[in-house]
Structures are given as structure tokens and as C-alpha cells.
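*Asks:* Attaching a single structure in C-alpha cells format; questions to follow.
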Amino acid sequence: MSYKEQADVFKKTFELKYEPMAISFTNEEISSGRYEKTQICRALKLAAEGESFIIDEEVSTCPGGSQFCGFIEPHTGKQKRRLQKFLTKGEKLTSSIVSFERMRKLAVPPATDLADRIVICPLDKAEIRPDMILFLCNAEQACRLITLDTYWDGISPKQQIIGALCYSAIVYTTMSGNTNMTMGDWTARSHQGFEPDVIFLSVPYERIHNLIAAIPHCSAGDAEAHIPKEFQAD
């Protein structure tokens, strides 16, 4: 099944408002996509609406995004102190430098030096194999996708709900291999204008084939549920 065919299945089955996105970490040269100064969270917003982006250290404008996605080394010393102050006194997303450090140390490490660039594009425009698929969906769609994702093995994925949007929606799934559901961080949501009901659901690409294969068998897909009389309410 081609990337376009996969995208069509997702859009038809779940009536998605936004494009399912292919995200790839790569050292290959990519021929198509906007290569311009941007924040990674901004690229996610626009890619879900049909745009394609190629992002590397030169055009990533968010220091946090550049760090999480592996373009620069994790902050230490004075840079880390400035970041601590920014998150606790500026953005006010965490209460103290201790809670900030817990958030960093208890999570999967960032994608340090993983690749030269990231490609973010609609799945039906993908040129290379994605590392993961990102869905911008509502709660019902997320429920159905996760049910299909776990249909064959019944194993609940380990979640990383909190953290920067680029980390929780991209890096965590890429580095851990886990399907993840997150709401992102408040700064990214508010600044980029994501709709209030949007949930970010990330699925490793190696799980996509089985997810699609489950659609005709699972009631979260196309299968019709049959409720025996003894289980039906009076």
C-alpha cells in the first residue's frame, strides 16, 4: 500500500479534519518542501493543513525544538540557567527548577545528533519512509486509532503526556518506539492556534501496517459489533 493509499484509508475511515503527517529524521537530500526559518510546532500546524517542510539546524528558530529534535546539544551551564528561568518565570509552565529537572530526567532523552534534518509533510506527499505518523484528531478519533493500534497485541503503550509539543508529539515516539497521545504544551497550542479539541496522536510507522490491517476486523474500524442478547440492556 502506497503512502497516499494509507492516507486515504485514514481520512476516509476516521473522517479526519487534518492531514495525517509523515515525520522522518533523515540525512538524505529531499527535493520538495518549504525550507525556511520556522518553529517546529508551526510546521506541524501547517503540515496538517497540507504544507511540507524540511527543517535542519539552520532554519529551526526555536532553541527548545532544536535541542529536543537533536540539532544542538542539550543546554548546560549558563544556557540551562536561562532556560530554567524562562520556563519557570517567563512561560510559567513548571513551578520550579526542580520540577523542570524532573520533567527532563524522567523522560526519554532528546534525539541528540540523530539526523541532519527532519521532514514533516502530509502522508500522501511523503517521498521517503516515515519514522512515525502524527494525527491531529479529536478524542473519539484518538480512541479508535489507539484501539486499532492495540487490537492485535493488547499491550497498552507507555505514554509521555507532558513536555514541549515537539518532544511529546515527535521525539518521544521516535526514540521510544511507543504510540503516544499528548495535548502538547500550552505555549505551542496557544501561539500556533491549535483548535481546543485537538489531540496529538503519534504512531511509529512500523505499527501502521497492523493498525490498517485491523480496520476490517475491529469495531473501532469498519467491523460491525454484535452484542449477544444476554449482554443487551433491558
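*Asks:* Could you tell me the calculated FRET efficiency between ASP153 and ASN27, based on Cβ-Cβ distance and R0 = 22 angstrom, to the nearest 0.05? Mind dumping the intermediate values first?
*Replies:* Working: r = 32 Å, r/R0 = 1.44.
The formula returns an efficiency of 0.10 here.
*Asks:* Can you figure out the FRET efficiency of LYS92 with ILE161, using R₀ = 30 Å and their beta-carbon distance, to the nearest 0.05? Mind dumping the intermediate values first?
*Replies:* Numbers: r = 19 Å, r/R0 = 0.63.
Between LYS92 and ILE161 the formula returns 0.95.
*Asks:* May I ask for the percentage of alpha-carbon pairs in region 1-60 that lie more than 17 Å from each other? Could you put the intermediate results ahead of the total?
*Replies:* Working: 807 of 1770 pairs.
Considering region 1-60, 46 percent of its Cα-Cα pairs are separated by more than 17 Å.
*Asks:* Using the basic label-point model (7 angstrom from Cα toward the beta carbon), what is the GLU195 to ARG34 distance in nanometres?
*Replies:* Each label point is offset 7 Å from its Cα along the Cβ direction, giving 2.0 nm.
*Asks:* I'd like the carbon and sulfur percentage of the solvent accessible area for region 125-182, probe radius 1.4 Å, heavy atoms only, ligands and nucleic acids excluded. Could the numbers behind the result be given before it?
*Replies:* On the way: 1350 of 2400 Å².
Whole-percent figure for carbon plus sulfur exposure: 56.
*Asks:* Give me the accessible area of TYR151, 1.4 Å probe, in Å² rounded to the nearest 10.
*Replies:* So the heavy atoms of TYR151 present about 90 Å² to solvent.
*Asks:* Loop by DSSP (not H, G, I, E, B), at most 15 other beta-carbon atoms within 10 Å: where is the longest site-free stretch of the chain for GluC sites (Glu not before Pro)? Before the final figure, lay out the partial values.
*Replies:* Values: sites that count: GLU15, GLU28, GLU29, GLU36, GLU49, GLU57, GLU58, GLU91, GLU224.
Maximal segment without exposed cleavage sites: 92-223.
*Asks:* In Å², what does the accessible area per residue of the chain work out to with a 1.4 Å probe?
*Replies:* On the way: 12370 Å² over 234 residues.
Heavy-atom SASA per residue in the chain reads 53 Å².
*Asks:* Next up: Take the eigenvalues of the Cα gyration tensor for region 152-234, scale each by 5, and report the square roots as semi-axes in whole Å, largest first. Please report the intermediate quantities before stating the final value.
*Replies:* Working: eigenvalues 195, 63, 26 Å².
Those come to 31, 18, 11 Å.
*Asks:* Work out, step by step, the length gained on full extension between GLU101 and GLU224: first 0.36 nm times the residue separation, then minus their alpha carbon distance; give nm to one decimal.
*Replies:* Numbers: separation 123, 0.36 × 123 = 44.28 nm, distance 4.76 nm.
Net length gain for the segment: 39.5 nm.
*Asks:* A further question on this structure: When the convex hull of the C-alpha atoms of the chain is computed, what volume per residue in Å³ does it have? The partial results should precede the final answer.
*Replies:* Numbers: hull volume 33.7 nm³, N = 234.
Considering the Cα atoms of the chain, their hull volume per residue is 144 Å³.
*Asks:* Write down the Å³ per residue value for the convex hull defined by the alpha carbon atoms of region 29-119. Can you show the working numbers first?
*Replies:* Numbers: hull volume 9.9 nm³, N = 91.
Measuring per residue, one finds 109 Å³ for the Cα hull of region 29-119.
*Asks:* Return the loop-located trypsin sites (Lys or Arg not before Pro) in region 142-234 (DSSP other than H, G, I, E, B) with at most 16 other Cβ atoms within 10 Å of their own Cβ; answer none if there are none.
*Replies:* Working: sites: ARG144, LYS158, ARG189, ARG207, LYS229; in loops: LYS158.
Listed in order of number, the matching sites are LYS158.
*Asks:* Determine the alpha carbon to alpha carbon distance for each of LYS12/LYS229; LYS78/LYS105; LYS45/LYS89 and list only those over 24 Å. Before the final figure, lay out each step's value.
*Replies:* Numbers: LYS12/LYS229 32 Å; LYS78/LYS105 19 Å; LYS45/LYS89 27 Å.
The pairs that break the limit, which is 24 Å between Cα atoms, are LYS12/LYS229; LYS45/LYS89.
*Asks:* Something else about it: Roughly how many whole Å is it from the C-alpha centroid of region 169-222 to that of region 43-113?
*Replies:* 20 Å
The values are calculated or read from the model by the stated rules, or taken from the named source; none is laboratory data. Since the model is a prediction, treat every value here as computed from it, not as a measurement. Positions of Cβ are generated from backbone atoms using ideal geometry, with glycine treated the same way; all protein chains shown enter the neighbour counts. Side chains are part of the model used for accessible areas, which takes the heavy atoms of the whole protein and leaves out ligands, DNA and RNA. Shrake-Rupley method; radii C 1.70, N 1.55, O 1.52, S 1.80 Å.
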